[in-house]
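We did not get these values from a lab; they are worked out from the coordinates using the rules stated. Because the structure is a prediction, the values reported are computed rather than measured. A quick note on method: Cβ atoms are made from the backbone with ideal geometry, for glycine too, and the neighbour counts reach across all protein chains shown.
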């Protein structure tokens, strides 16, 4: 990860950049993925193609802060019916899980529950910042 204020490479878990002292995720001068310089209003890095998050329109409803622990517990205990997917705003994958849970109650529900358990454990292994970046803002739906 690179500081968006000065472009220096920083650890993903860093709360401050050692180059400029700012929060690494604040700023719009550099790409957080490759450190390339960006221009005001640019929404995609021209060097690596990653989205810069500089879009000025309102964010989708699913980008609000979600609790990593809540999502993990829902995945562990109610993952078979997709409760954690609905909580994260992933209605398509939630409906798929719910459908599997209803249709294949005897056969598929245990498999879907195991997948939910695995996803819950994965959520618990992430930091709060990484969880927000990958599953809430990034919208990653499966594992």
Measuring from the longest principal axis of the C-alpha atoms of the chain, the long axis of helix 68-78 (C-alpha) lies at a number of degrees, nearest 10, equal to 20 degrees
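Ranked by Cβ crowding within 10 angstrom, fewest neighbours first, how are 126, 47, 66 ordered?
Numbers: 126 16, 47 13, 66 20.
Result, fewest neighbours first: 47, 126, 66.
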In a Gaussian network model of the chain with springs linking alpha carbons closer than 10 Å, the residue among 19, 116, 94 that fluctuates most is 19
Under the helix-only model (-39500 (n - 2.57) for each DSSP H run of 4 or more, divided by the residues of the chain), the mean residue ellipticity at 222 nm, to 500 deg cm²/dmol, is -10500 deg cm²/dmol
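Which of 2, 84 has the fewest other C-beta atoms within 10 Å, and how do the rest follow up to the most? Please list the in-between numbers first.
Numbers: 2 19, 84 27.
Ordered by Cβ neighbours within 10 Å, fewest first: 2, 84.
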Between the alpha carbon centres of region 69-126 and region 29-48 the gap in Å comes to 36 Å
The correct pair for the chain, radius of gyration to one decimal and Dmax as a whole number, both in Å and from Cα atoms, is 18.1, 57
Here the residues of region 129-143 lying in the modelled label zone of residue 92, meaning backbone nitrogen under 19 Å from a point 7 Å along Cα-to-Cβ, are 134-143
So the angle from the long Cα axis of helix 91-103 to the longest Cα principal axis of the chain, reported in degrees to the nearest 10, equals 20 degrees
To the nearest 10 degrees, the tilt of helix 108-125 (Cα long axis) against the first principal axis of the alpha carbons of the chain is 30 degrees
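Pulled fully out, how much extra length does the chain show between residue 69 and residue 134, if you take 0.36 nm times their separation in residues and subtract their Cα-Cα distance? Walk me through the numbers on the way to the answer.
Values: separation 65, 0.36 × 65 = 23.40 nm, distance 1.47 nm.
The span from residue 69 to residue 134 would gain 21.9 nm if fully extended.
For 103, 10, what ranking results if the residue with the fewest other Cβ atoms within 10 Å of its Cβ goes first? Present the calculation step by step, with values, prior to reporting the outcome.
Details: 103 10, 10 22.
Ordered by Cβ neighbours within 10 Å, fewest first: 103, 10.
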On the formula 1/(1 + (r/R0)^6), with r taken between the Cβ atoms of residue 18 and residue 103 and R0 of 35 Å, the FRET efficiency rounded to 0.05 is 0.05
